[in-house]
Amino acid sequence: MRTRTALRAMYFLGALLIAAAVPALAADLPAPDAFLEQMTGRWKVTGTYNGHPAKHNFKAEWSIQNNYLRFRDVSEEENAKELEEFEVIAYIGYDAAKARYVCAWLDNSGTIDPEAIVAVTPRVGDTLPFVFKTPKGNLHSTFAYDAKTAKWNWTMEMEKDGALQPIAKLHLNKGRN
């Protein structure tokens, strides 16, 4: 009987220690980057992708102890022969020591070259102009925040022979998806 009571007391004490430690651990998490914080949540994405009307579902949330904003964007378009379905999962983090943003980008293009999936950029006003060096050319993926409307615009362009060719012009509007 004493053993059972002692075990219960140890379990209770252990539970109390864990409960006391959880707020302390949470307090040690870094504060999310204020600029990226404006991208969190669920968004309906509209615009054009490869010259066709686009509708996507976009969700952004903090991950890895508030160090990275993870987003997932998936197209809703029907899979027609000329229209490729689009899906991307990306992580964006802020490197305060170098005042720059880092983005790791994984999509359904099949590219796994490290230079093609990681880009670094300083914040330029309210934009993040990432440039990914892909085998097909430099992919410019720019996120621009409009503080007046609390909306994001997202453009993607492929650089070929020094000229930018549009791929996507998208608008993120808060909404359920």
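Among the candidates G137, G93, the residue that is at pLDDT 95 or above and either touching a strand residue (DSSP E or B) at 6+ places or on another chain (Cβ under 7 Å) or more than 17 Å from M158 (Cα to Cα) (or both) is uniquely G93. Among the residues in the range 67-89, are any modelled with pLDDT of 95 or more and open to solvent by less than 50 Å² (accessible area, probe 1.4 Å)? Yes, the conditions are met somewhere in the range 67-89.
Beta carbons closer than 8 Å, at least 6 apart along the sequence or on distinct chains, pair a first residue in the range 155-171 that is more than 14 Å from H52 (Cβ to Cβ) with a second that is surrounded by 14 or more Cβ atoms within 10 Å (Cβ to Cβ) and basic (K, R) for T155/K169; H171/K151.
Considering (1) at pLDDT 90 or above; (2) under 16 Å from the mean Cα position of the chain (by Cα), the lone condition that K98 does not fulfil carries the number (2). Filtering the range 51-73 to residues that are within 23 Å of H171 (Cβ to Cβ) and in a loop (DSSP other than H, G, I, E, B) leaves only G51.
The residue list L128, L106 contains one member that is closer than 18 Å to F71 by Cα, open to solvent by 60 Å² or more (accessible area, probe 1.4 Å) and either in a strand (DSSP E or B) or at pLDDT 90 or above (or both), which is L106. Is it fair to say K55 is over 23 Å from L164 (Cβ atoms) and at pLDDT 95 or above? No: the conditions fail for K55.
The values are calculated or read from the model by the stated rules, or taken from the named source; none is laboratory data. Here the structure is a predicted model, which is why all the values come from computation and not from measurement. Every residue, glycine as well, gets a Cβ built from its backbone with ideal geometry; the counts of neighbours run over all protein chains shown. SASA here: full protein model, heavy atoms, side chains in, ligands and nucleic acids out. Shrake-Rupley method; radii C 1.70, N 1.55, O 1.52, S 1.80 Å.
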